[in-house]
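Working notes, beginning with the structure itself.
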Amino acid sequence: MLIANRGEIALRINRACQELGVRTVAIFSQADRESLHVRLADEAFCVGPGPVARSYLNIPNIISTALITGCDAIHPGYGFLAENARFAQICADHGLTFIGPRPDVIAAMGDKATAKRVMREAGVATTPGTDILESVDDALHAADQIGYPVLLKATAGGGGKGMRAVESASDMERAFAGATAEAEASFKDGRVYMEKLILDPRHIEVQVLGDEFGNVVHLGERDCSVQKPSHQKLIEESPAPHLSDQARSVLLEMAVRACRHVRYNNAGTLEFLVSGDDVYFMEMNTRIQVEHPVTEMVYSVDLVKEQIRIAAGEPLGYAQQDLQLRGHAIECRINAEDPYNNFAPQAGTLSRVVFPGGPGVRVDTHVFSGAVVPPYYDSMIAKVVAFGASREAAIARMERALRETVVEGVSTTIGCCLEILATTPFREGRYDIGFLPRMLASGVH
Amino acid sequence: MSEQHAAEQHPTPMLAQRVRALAELFVETDLLRLRIEREGEEIELGRRTLHPDVVPQIPHDLTAFETHAVRAEAIRADLVGIFHLSRPVPSEGDLLESDRELAFIEALGIRNPVRSRGPGRILSVKRVDGEPVEYGAVLFEIDRG
């Protein structure tokens, strides 16, 4: 198995492969030569210099590495090439199994405007919106139909890039120009579409697994509403607190129905916006997600191993009723960022690193004392996950774990996560995607 | 001959001192050859004969010896693939009169030439024919001096 990624997810995949008896080949950039995933893989090849475009997105060097090392498969992890349908097809063309959905499914669900159309065909409720907008006039007309406020979004986008909220018609021209320019710069695709802006909704997503035989199961939902102003997640938990049985039932049923409609195979996540009992499909991620550990903790399923088994042609081997949720899990992302300076990314050497342990605590990380955080990549350096019999027990365990955590050399989000956990909205489980921006704006920390 | 070229051809007093000190150490050993590289400079000492009765004489005046400042340049792989030596097979010590193909890296069925990028002398061939190479792997060292 060639692991076409870096950092903690590369290490995660390596661990699953080692336990399955699958030999691993790591790829790395020159900036990651001393990285843990490189040291622990069976073989490792440098594929380029630090910048992502020349290393972790260098398809020819990645495919060449897989072929000359005799790999049968490539696991793309998340980010980078994980949702690149062309890369998945290139793997197939070279006789390499891509650990993920089929290329046509990635293509359909990766384009967000197309995905929403496909979901509507499947009878899944989507946020009121449009297909691709060709012009500012189109946008103005659509906004009149939908009703302000609206949100312009990049069809090839993610991570908050190419998004603009528009409160009124007078803001539309500037917002449209800004969104298209940012989308073009970030994804080389400047096309945008529009959605109704649902104020302060919850972001709740559903984990799914599908095999080659048409079997689809869900593994419950995750609440990912604690998000930075950039819409990147910071804290996730499963199950979602204070979600009505009706909303939960609608979410899970929609997710499974949508997957059956597109004959989805392998792991994936459907993301929804939830406002009260109203549930709207937002987008689907056709890959393993960063926050997959919280689902693994409450369902006792190794999702990465399931990905590999499914890709190898094995059936799921279990039905929905065989999956039982137990307890509660919370994940905090430890990022090399300054949360009180707009989460500005930090690079440098980690002079001292101590991670927590004890019952019910899991840490997924690639860093260690003396590790260098390079400037080229995402700033996440660790995920701390706490499991408890109840939500209250999980929160207490997470607080204890974060207090034990030491990362010196760069600013991190550890303190910010502890602050969030101590707030009344979080402890009561009554928060939405506007919660963290409001907390930071209030200046109370 | 320019002043610079003259300086490069005849040892400075400091360099002569270093060479002399190394030569004195060298004759005490049974080494055949000793090469020291430092900051782009190279000093190489070698025996012409192994006859036990011949006692090497260390000359006091080293100005008669030519020195050669080695400027070693690494030729590195700029992609991932299988390394193949070109024909005629380049070897250590070969003089390159101009830019020529030394090897190629086969990747995804495409032949990617590895060239000397100018004249020089091959100091070392770092890979063997058929060896997989990663990005940045040193393939050859060329003396541009």
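A few points about this structure:
- For the stretch A:62-144, the convex hull spanned by the alpha carbon atoms encloses 124 Å³ per residue.
- The trypsin sites (Lys or Arg not before Pro) of the stretch A:125-228 meeting both criteria, a DSSP state outside H, G, I, E and B (loop) and at most 10 other C-beta atoms within 10 angstrom of the site's C-beta, are A:Lys188.
- Residues A:Ile62, B:Ile105 arranged by fewest to most Cβ contacts within 10 Å: B:Ile105, A:Ile62
- Taking other C-beta atoms within 10 angstrom as a stand-in for reagent exposure, A:His37, A:His231 fall in the order A:His231, A:His37, fewest first.
- Cα-derived Rg over Rh, computed across the stretch B:72-143 with Rh taken as Kirkwood radius: 0.93
- Shape category assigned to the stretch A:319-373 from the gyration tensor of Cα positions, a/c cut at 1.5: prolate
- Think of the protein assembly as shown as a dipole: +1 on every Lys or Arg Cβ, -1 on every Asp or Glu Cβ, centred on the Cα centre; then among B:Leu95, A:Asn5, A:Ala122, A:Ala122 lies furthest on the positive end.
- Applying a 4.7 Å cutoff between beta carbons, the unpaired cysteines of chain A are A:Cys17, A:Cys46, A:Cys71, A:Cys91, A:Cys224, A:Cys259, A:Cys416.
- Relative contact order for chain A: 14 percent, from Cα pairs under 8 Å spaced at least 6 residues apart, divided by residue count.
- Against the rule of thumb 2.2 N^0.38 Å, how large the Cα Rg of the stretch A:128-196 comes out: 0.95
- Shielding by other protein chains, A:63-70, mean Cβ within 10 Å: 5
- Annotation: amide H of B:Arg100 within the under-5 Å range of B:Ser116, B:Arg117, B:Gly118, sequence separation 5 or more or interchain, hydrogens built in the peptide plane.
- Ellipticity estimate at 222 nm from DSSP helix runs (n ≥ 4, -39,500 (n - 2.57)) divided over the protein assembly as shown, nearest 500: -9000 deg cm²/dmol
- The chymotrypsin sites (Phe, Trp or Tyr not before Pro) found in the stretch A:170-261 that occupy coil by DSSP, while having at most 13 further C-beta atoms within 10 Å, are A:Phe213.
- The mean number of Cβ atoms from other chains found within 10 Å of a Cβ in peptide B:125-137 is 4, as a whole number.
- Partner shielding of A:43-49 amounts to 4, given as the average count of beta-carbon atoms from other chains within 10 Å of each residue beta-carbon.
- The stretch A:75-224 - Rg over Rh from alpha carbon coordinates, Kirkwood radius: 1.01
- Expressed as a fraction of 2.2 N^0.38 Å, the value expected for a compact globular protein of N residues, the C-alpha radius of gyration of the protein assembly as shown is 1.22.
- For the stretch A:2-99, the fraction of alpha-carbon pairs lying more than 19 Å apart is 31 percent, rounded to a whole number.
- Residue exposure proxy: B:Glu106, A:Glu34, ordered by other Cβ atoms within 10 angstrom of their Cβ from fewest to most, comes out as A:Glu34, B:Glu106.
No lab work stands behind these numbers, since they all come straight from the coordinates. Source: prediction; values computed, not measured. So basically every Cβ, Gly included, is an ideal-geometry build from the backbone, and we count neighbours across all protein chains shown.
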